[in-house]
Amino acid sequence: MASKYKISFRTRIQNNKSFQRLHDCLKQLNVKHWAYDFQEFLLTLTSELSDFTLIQATLRSAGYVCHFVKLENLNEGSDFSKVNVA
């Protein structure tokens, strides 16, 4: 069974068009479960990809400014270090 990771990015979604673009990016990465908190500007997703930089690069290429906040391995229940990436 593949490991699952919970990955959080701080980013701003401007409008419905931007929301659809985000949906398309995550679908391209085969990310099935994600949520966006409009008050905290926090995008949280569950993925089997352990390389969060690939997800971040894809989102940035679509025009999103994404500051990496947290990566958590859901299989181990351990919290990896919290990091801010400009």
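Scanning the stretch 34-62 for residues that are farther than 18 Å from Asn73 by Cβ and either in contact with a strand residue (DSSP E or B) (Cβ under 6 Å, 6 or more places away or on another chain) or open to solvent by 30 Å² or more (accessible area, probe 1.4 Å) (or both) turns up Ala35, Tyr36, Asp37, Phe38, Gln39, Glu40, Phe41, Leu42, Leu43, Ala57, Arg60, Ser61. Of all the residues in the stretch 34-73, those that are closer than 17 Å to Tyr5 by Cβ and either modelled with pLDDT of 90 or more or not in a strand (DSSP E or B) (or both) number 19. Pairs meeting the criteria (first residue in the stretch 37-51 and touching a residue at least 24 places away in the same chain (Cβ under 8 Å) and on the phi > 0 side of the Ramachandran plot, second residue assigned to a loop (DSSP other than H, G, I, E, B) and open to solvent by 60 Å² or more (accessible area, probe 1.4 Å), beta carbons under 7 Å, at least 6 apart or on different chains) are Phe41/Arg12. When the stretch 18-33 is filtered for residues that are part of a helix (DSSP H, G or I) and either charged (D, E, K, R) or open to solvent by 80 Å² or more (accessible area, probe 1.4 Å) (or both), the ones remaining, listed by number, are Gln20, Arg21, Asp24, Lys27, Gln28.
The values are calculated or read from the model by the stated rules, or taken from the named source; none is laboratory data. Here the structure is a predicted model, which is why all the values come from computation and not from measurement. Note that we place each Cβ from the backbone using ideal geometry, even for glycine, and neighbour counts take in every protein chain shown. These accessible areas exclude ligands, DNA and RNA; they are computed on the full protein's heavy atoms, side chains included. Shrake-Rupley method; radii C 1.70, N 1.55, O 1.52, S 1.80 Å.
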